[in-house]
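Single-structure report; data block below.
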Amino acid sequence: MRTRIVAGNWKMNKTFDDAEVLITDIADALDDVALENAEVVLCPPALYLEMAADVAEESNFSLGAQNCYPADSGAYTGEISPLMLHSLKVNYCIIGHSERRKYFNESHEFLAKKVDALLNHEIRPIFCCGEVLPEREGNRHFAVVKKQLEESLFHLAVEAFTQVVIAYEPVWAIGTGVNATPAQAQEMHAYIRQLIATKYDHETAGNTTILYGGSCNGKNAAELFSQPDVDGGLIGGASLKAEEFLQIVSAL
Ligand code: 13P
């Protein structure tokens, strides 16, 4: 049975003090939540991972980074390696977010290297995929997502692939207040699962956690998560308020 996950992607938000309050509030509340076959992942800015790791040690959530560079160490000014993340007991790392693809020109090939580098250090990639609006309007969304998976994930052997979490994040839904409808999300998630079954096998496809992201909030999470192939969410804006984030967790 696959694990259901709600992950909070804080992006570039919060001062240190505000981050500490938010993470403590969430951690305290999670003490009273029974997570059965489910996981909460918090992905604060890298600067706050050490503080978050301390809180995580006593709490009921896993820690995720938002980015990494695909080398263990070296002359890469400003970058953070999977080895460093591993040394802070980081369990997950978001890869291929549309903001990084767009603003930092991250290619399929570069993302494949990041995936490999993370898996080398037992960090599970949360691999983001999704189309922009003109691609959906041109009915190219399935082809776009297929290429993203093929070019950055499908080189993996099956054992390695089982460590990957996929997040379908239609770019037109991110930060816009316009979420994919539950039917649109289900349709793409089922398609992704079918691609995995074709590339690997049905068991692997059935065990892969596929999250939805894009204007997911306390109001719409329950309906989105009730779709058979939607295994939770990758949450941006709504992960910055403890109460709303916890409401989303309760929809798992
Ligand atoms: P929003 O939830 O703010 O739309 O962002 C989604 C996202 O990009 C998560 O990675």
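The values are calculated or read from the model by the stated rules, or taken from the named source; none is laboratory data. Note that the coordinates shown come from a computational prediction; the quantities given were computed from them, not determined experimentally. When we count neighbours, we look across all protein chains shown, and the Cβ atoms used for this are built from the backbone with ideal geometry, even at glycine. Only protein heavy atoms, including side chains, enter the accessible area calculation; ligands, DNA and RNA are left aside. Shrake-Rupley method; radii C 1.70, N 1.55, O 1.52, S 1.80 Å.
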Heavy-atom accessible area of the chain with neighbours in place, 1.4 angstrom probe: carbon+sulfur share in percent works out to 50 percent
Using alpha-carbon positions, the gyration tensor of region 106-155 gives root eigenvalues a ≥ b ≥ c; with a/c under 1.5 called rounded, otherwise prolate if a/b exceeds b/c, else oblate, the class is prolate
Once amide hydrogens are built 1.01 Å from N within the peptide plane, the residues lying 5 or more places from ALA167 or on another chain with amide H under 5 Å from its amide H are PHE127, CYS128, CYS129, LEU211
Counting only protein heavy atoms and rolling a 1.4 Å probe, one gets per residue an accessible area for region 1-82 in Å² of 51 Å²
Ranking PRO170, ALA185, ASN217 by how far each Cα lies towards the positive end of the charge dipole of region 136-252 (+1 on Lys and Arg Cβ, -1 on Asp and Glu Cβ), the top one is PRO170
With the 8 Å Cα cutoff and a minimum separation of six or more residues, region 116-186 has a relative contact order in percent of 41 percent
In debye to the nearest 20, the charge dipole size for the chain, taken about the Cα centre with +1 at each Lys and Arg Cβ and -1 at each Asp and Glu Cβ, equals 940 debye
For region 1-116, shape from the Cα gyration tensor axes a ≥ b ≥ c, cut at a/c of 1.5 then a/b versus b/c, turns out prolate
Going through LYS11/LYS241; LYS11/LYS102; LYS219/LYS241; LYS113/LYS199; LYS14/LYS241 one by one, the pairs whose alpha carbons sit over 18 Å apart turn out to be LYS113/LYS199
Mean accessible area per residue over region 85-197 (1.4 angstrom probe, all protein chains present, square angstrom) is 44 Å²
Residues whose modelled amide H sits under 5 Å from the amide H of ALA65, counting only those 5 or more places away in sequence or on another chain, are TYR92, CYS93, ILE94
Region 1-108: relative contact order from alpha carbon pairs under 8 Å, six or more residues apart, as a whole percent, is 24 percent
Interchain or sequence-distant (5+) residues whose placed amide H lies within less than 5 Å of the amide H of GLY233 are ILE5, VAL6, ALA7, TYR212
Of the candidates SER226, TYR48, LEU153, the farthest towards the positive dipole end of the chain (Lys/Arg Cβ +1, Asp/Glu Cβ -1, centred on the Cα centre) is LEU153
Restricting to Cα pairs under 8 Å and 6 or more apart, the percent relative contact order of region 144-243 works out to 31 percent
Dividing the helical contributions, -39500 (n - 2.57) per DSSP H run of n ≥ 4, by the residues of the chain yields a 222 nm value, nearest 500 deg cm²/dmol, of -12000 deg cm²/dmol
Restricting to aspartates and glutamates and to Cα separations under 14 Å from LYS146, and discarding same-chain partners fewer than 8 apart, the set is GLU131, GLU135, GLU169, GLU187
Summing +1 per Lys or Arg and -1 per Asp or Glu among the other residues with Cβ less than 11 Å from ALA112's Cβ gives -3
Taking 0.36 nm per residue of separation between ALA75 and THR162 and subtracting their Cα-Cα distance, the length gained on full extension comes to 28.2 nm
By the Kirkwood definition, with r running over pairs of different Cα atoms, the chain has a hydrodynamic radius in Å of 18.0 Å
